Each structure stands twice: as structure tokens, then as C-alpha cells.
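The values are calculated or read from the model by the stated rules, or taken from the named source; none is laboratory data. Computed from a predicted structure; not experimentally measured. We place every Cβ from the backbone using ideal geometry, glycine too, and count neighbours over all the protein chains shown. In case anyone asks, the SASA skips ligands and DNA or RNA and just uses the protein heavy atoms, side chains included. Shrake-Rupley method; radii C 1.70, N 1.55, O 1.52, S 1.80 Å.
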Amino acid sequence: MAAGVVGEPVVPGERVTVLAIDGGGIRGLIPATILAFLEARLQELDGPAARLADYFDYVAGTSTGGLITAMITAPGEDKRPLFKAQDIIGFYMENCPRFFPRKSRLTALMSALRRPRYSGKYLRSMIRSMLGQTRVCDTLTNVIIPTFDVRLLQPIIFSTFEAKSMPLKNALLSDVCISTSAAPTYLPAHYFHTKDADGKEREYNLIDGGVAANNPTMVAMTQIMKKMMVKGKEELYPVKPKDCRKFLVLSIGTGSTSDQGLYTARQCSQWGIVRWLRNNGMAPIIDIFMAASSDLVDIHTAVLFESLHSDGDYLRIQDTALRGAAATVDVATPENMRTLVGIGERMLVQPASRVNVETGRYEPIPWEGSRSSNNMSKVALMVVVMVLAACQITPSHGTPLIVNARRYMLQSATSTAACTTTTGMIEGTVTPTEGSAPGAPIEDVRPTTPKHSPGIGHAFTDNKIGRKLLTISQ
């Protein structure tokens, strides 16, 4: 299965897994649905405690994608992700009607002429209550969230990497989420300031990062390469800055209307300021800017991976046939929210597609092989394989096999132990990196039988106590 999806195999630990989530307001229900499916599949493989933050080295999100990013990476009281992916859907269903209260068309139009359409008070209070004093540096995996500073007229990117090295960018995660969600004409801009230990301050005047990078994929890759090029500091990944063959990127959109031919030059040529700001419940100028940003990033990323002969290491999941209320960013009626969840579910049963860099249209990906599992669609299979490929064990006979320490966890109390697999064919040792309690991460698996290597399905069992330590389950 992996052969038709992922690119050139590399030594475990050299893969860099990236999840990028577009902006799109209420349409965040679409990626939330896809992520819920993905996390559920991972839990089937690795147990109910598995969370998306355990598998992605970097999670990037803009606007509503930034909020989802915070929800799946911010630590709760148990130091595990604040939200399960499935719970994000319920959060949106419960709170979005108060984030975007319904207004008559006339009221909305008059409001758009004088002030943001929504006050954002409930959104701000909910985000502050949810994230508390958590700062960007506290996230359980690396995050990257774009915003735009209206005073400086330049993008401001908040990331875990910079937050740890630049105290003035170690903002409250709540401030960052409020800022990246402040879509022009919809929600007010957000002001806050930070202070370092020396008393130096920095102020921020921010709006939605979608005006610069509604699709944060390339922003994420740039930030990762920036980290790799830092001189004199320990680098997490032994990857050359331009070697994108080591990346596995999953980019999830919030849908677009590109297949619907929503506007024509004849129509737009007659519009003035009001029509560009509000037209049949849509905000054409905002929609066009954000769609252009998302699609251009997708094309650039696809060309980059194609040029490196690693097309299969980049997967973009996007629906291009939104229509009616589903194409808006703020219609939070129960009917529309159910429709958006349905769109996410529909995307999981459609053939995987990839943007044609010549036409900008999405075309089905030729599929190598026809095997399926649990009736999962081609898209679902590719998503799961992409993530797990970063953690797969590539044996080298008689040498240590480094295992992703966040994925393979001890299932019984033990120290370094001689063990064998359920097949009895492979002998070896399992070494925990932290103590000997259940839940400690595995440091390495060292096979001692030179003619055989552990494969998928092998379960290492402690020879003394007869208890399973871990299962290799790509």
C-alpha cells in the first residue's frame, strides 16, 4: 500500500510530518470532520489514547484552521491535547451560532458599511476561557499560525520554534487564535502586547492571517527550513534545508466554489464598493483573495514536490464544488453545519485528486493497486499511510531500529528486556527512554536475529513476564 503513496524511504526520524489547515470560518467543520476520521483510524491502530499531536511534527493553521491547530495541540490538565479531534465538531456545532449570530440581510449590509459584521465578544471570551494562560511555546507539538499586522503591513508568523528563542513572540495562544480569526469585515482586529524578562515590549495590531496565507502549507515549510538552517544549535531533523523529499505534508482545505463559476467579468464590471463587500450573502472581495491565496500555495507546493519526484509525499484534500450557504464563512444554522460535516464525509469517499499545475483543476490520482481496508476510501487510505509512513520501522539487520518515541509506548512495566515476537522468529531487546513505568516511550528495538527483521503485526513480548511491550503496526 505504501509503495503507491509515499516517496523514497528514509531512515526513521528523518521524516518531517506536517499538517496544514486552511482558514474558512464555519467551514472549519470540513477539516474537523476529516481529522476526526483520521484520529479514529489511528486509535484503531495505536489505542484510544492516540491523538493527532502524537503523529505530526508540525501543525499549521490559519483563521479557523489556527483555532483547530490550538485545540489539538494545546495541553490540558493531564498534559495531553485539550481536544480529541471528534470533539471539535461538537465545539463548532455548539458555539458557532453564537460566534456568528443570524442577522437579516439589510441589517448585515448596514453593519458591513460601518463596522465588522460581528462583535466577536463571545468568540474572544470562549477562546480565552478555553486556552487560559497557555502560550505558543507550551504546545505539545510545533505549531505555526499566520496573522497580519495592519500597522506594519506585513505578515506575522507565530511558531513554537520562534516562541522558544524570541520571548517577545511567545504570546498567549488565545491572543494568537483571536488574531488569526479576525477576518476583515467580519470580526474586529485584535491588539495585544508582549513583554520579555528585561521589560522590553512589543505591540501587535493583527487581523486574519488569511489575507496573507489562507493556506499555511508553504509558511509551515518555510518555518521548518528556517529552523533547520539555524547555526550552532541542535537540529531535530538531520535534513538538508532544500531536501523536501523528507517531508510528508497533509494539507486540508475548507472548500471553494471554483467549479461553480460563481462570478463572471460581466457581473463584476458593474459592482461598486458595496457589491464587492456584500453580494447575495457572500463577501466577494474577501472570498476571492482567500481562494487565490489557498490555490496559489497549493500549486506552488505541488510543483515543488513534483520537481523533487516526491508527488506522493504531498496530499491536498479540497472540495471545489461548494454552493449556497455552504460556500459562506458565517452561516451557522444547524442545517448548514450538518451540510458541512456531510461535505467532509463525502470527501472521504471520493477518489484522491491532485491539482493540475497547468489548469489549476483537481484531477484524480492514478491509484497503484486496489486493496482497501474497512471500506476506507482512497483519500482515507492515503491520509493514514502518509502519517504512519513517518513512523514506520525500516529494519537494518542487526542494528538498532529507532522508533518514533511518541508513537510506540510501553504497555507493561519493564526496563531493558530481552523479548521475542509473537511469531517466535525474531529475538531482540526493547529499551525505554524514561524510567520503566507503562507509558514510557520506546527508544529503540534491537533485533538480534540477523536473517529476520520485525515487520508489521509483530508484537514484542517480554520473555520473563510474558507481557506484550509493543506492536509494530504501521
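Using the Cβ-Cβ distance between Thr222 and Ile288 with R0 = 25 Å, the FRET efficiency computed as 1/(1 + (r/R0)^6) comes to roughly 0.55.
What FRET efficiency would be calculated for the residue pair Ala197, Arg102, taking the C-beta separation as r and a Förster radius of 60 Å, to the nearest 0.05? The calculated FRET efficiency here is 0.80. Rounded to whole Å, the principal axis extents of the Cα atoms in the stretch 281-326 read 43, 17, 9, largest first.
What percentage of the solvent-accessible surface of the stretch 32-180, computed with a 1.4 Å probe over protein heavy atoms, is contributed by carbon and sulfur atoms? About 53 percent, which is the carbon plus sulfur part of the accessible surface. Working ranking of peptides 31-44, 154-167 by packing, defined as the average number of other Cβ atoms within 10 Å per residue, highest first, is 31-44, 154-167.
For Ala171, the amide hydrogen comes within under 5 Å of the amide hydrogens of Val136, counting only partners 5 or more places away or on other chains and with H modelled in the peptide plane. When the C-alpha to C-alpha distance is required to be over 18 Å, the pairs from Lys169/Lys226; Lys84/Lys164; Lys164/Lys227 that qualify are Lys84/Lys164.
Express in nm, to one decimal, how much length is gained between Arg361 and Arg151 on full extension, taking 0.36 nm for each residue of separation and deducting their alpha carbon distance.
Taking 0.36 nm per residue and subtracting the Cα distance, the gain is 72.0 nm.
Potential lengthening of the chain between Glu44 and Trp276 amounts to 78.8 nm, from the contour at 0.36 nm per residue minus the alpha-carbon distance.
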